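Visitor: Starting off with a structure, shown below.
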Amino acid sequence: MEFIIEEGKSLNNETSTLILPALSIGNVGQLAVDLLVSSTRAERIGYLDDPYILPCVGNDAYGPTPCGELALPLEAYDSRNNGVALVQQRSPVVKGMMVEFAKNLADFAVDTGMKHVVVLSSLEFMRLQKIDTSSGLQIYYLSSANADGTDDCCERLGWKKLQEYNPAQRTWKFLSTLAEGNVMQEDSLPFEDEPEDEDYYPSLPFAALFSCFKAKGIRVTCLLCYCSEGDNTPEAFSLAEETSKLLGLSLNNPHGEGGKWLIPFSWRTVYGPPPDTSMF
């Protein structure tokens, strides 16, 4: 993975926290990063070139007027007043290469001096074992602070630890081994039989990122929510809000649209124009 910095720009030496999405159902992590980039007034400082990410190109996602800037698959942003960097991922990873991609991102985090990585992602609602509608959207977390994935700071914020994380479970152990670069013998691979339900969560992108950052000795916190496909902007707002609480981010939205959040300009066309009312 190559980090290409735009001319005349640089990453703040005091930046030690990295926020990035893990692609999943509903693209909630990406939408939340969009909100954080626009609302913290983060500046794009460059992009990442990786052989395991599919190419794509589009118009600038944040500016209201064309300025000749293109959106690329992996972009790096710096919010200097918050001391955080953000990476936005706009295209999927090549099939079967998620762990290698996660290793490259972990190397990038080490090379740029990151001490804490926050991964934002979503989980399939049908996998939720117990539905609690009393307190709205529940945020789940997974942290490298303790071996069992718990974190006192996350607990104080009212989040629930992802119960499906079990470092002793076969697929989580296998993923950890891959992240650490250790080669396993074929007879010890956990995929010779049919995958079980407990193998689902460690197969997701957030799990690969978590394992690879952890293997590099970087503190990593995954923030997760359950959702279904569709308009998941409410979940994105919630995930961005909880990230702001965790890191104490300073937001800057003088116009007031969307409350304290600055809505990315690209969101106006996410679902196309409104329906023609003359048909009703």
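Visitor: In region 4-21, what residues are under 19 Å from residue 116 (Cα atoms), among the hydrophobic types (A, V, I, L, M, F, W, C) and part of a strand (DSSP E or B)?
Guide: Hits for region 4-21 are 18, 19, 20.
Visitor: Residue by residue through region 24-40, note down the ones that are among the hydrophobic types (A, V, I, L, M, F, W, C) and more than 11 Å from the chain's Cα centre (by Cα).
Guide: Listed by number, the residues that qualify are 25, 35, 36, 37.
Visitor: Under 6 Å by Cβ, and 6 or more places apart or on different chains, what pairs join a residue from region 81-107 that is of a type outside the set (Lys, Arg) with one that is open to solvent by less than 30 Å² (accessible area, probe 1.4 Å) and part of a loop (DSSP other than H, G, I, E, B)?
Guide: Taking only residues 6 or more apart or on different chains, the pairs are 82/40; 82/249; 83/15; 85/15; 86/42; 91/73; 104/50.
Visitor: Across region 44-57, which residue is most open to solvent (accessible area, probe 1.4 Å) among those that are in contact with a Leu (Cβ under 8 Å, 6 or more places away or on another chain) and within 16 Å of residue 23 (Cβ to Cβ)?
Guide: Here the residue is 56.
Visitor: Regarding region 22-43, can at least one residue be identified that is surrounded by fewer than 21 Cβ atoms within 10 Å (Cβ to Cβ), of a type in the set (Lys, Arg), in contact with a Gly (Cβ under 8 Å, 6 or more places away or on another chain) and in a loop (DSSP other than H, G, I, E, B)?
Guide: no
Visitor: Anything in region 154-163 that is open to solvent by less than 60 Å² (accessible area, probe 1.4 Å) and of a type in the set (D, E, K, R)? List them, or say none.
Guide: Listed by number, the list holds a single entry, 161.
This table checks each residue for (1) at pLDDT 95 or above; (2) of a type outside the set (A, V, I, L, M, F, W, C); (3) within 15 Å of the chain's Cα centre (by Cα).
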site	(1), (2), (3)
42	no, no, no
59	no, yes, no
65	no, yes, no
70	no, no, no
80	no, yes, no
87	yes, no, yes
126	no, no, no
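Visitor: Could you list, in sequence order, the residues of region 210-232 that are hydroxyl-bearing (Ser, Thr, Tyr) and open to solvent by 30 Å² or more (accessible area, probe 1.4 Å)?
Guide: Matches in region 210-232: 228 only.
Visitor: Moving to a separate point now. Just to be sure, is residue 76 of a type in the set (A, V, I, L, M, F, W, C), assigned to a helix (DSSP H, G or I) and surrounded by 20 or more Cβ atoms within 10 Å (Cβ to Cβ)?
Guide: In short, no.
Visitor: OK, next. Could you list all residues from region 1-52 that are aliphatic (A, V, I, L, M) and over 21 Å from residue 104 (Cβ atoms)?
Guide: Passing the criteria: 25, 28, 31, 32, 35, 36, 37, 42.
The values are calculated or read from the model by the stated rules, or taken from the named source; none is laboratory data. Computed from a prediction, not measured in an experiment: that's the story for all the values here. Backbone-built Cβ (ideal geometry, glycine too); neighbour counts: all protein chains shown. The area values use the complete protein model at the heavy-atom level, side chains included, leaving out ligands, DNA and RNA. Shrake-Rupley method; radii C 1.70, N 1.55, O 1.52, S 1.80 Å.
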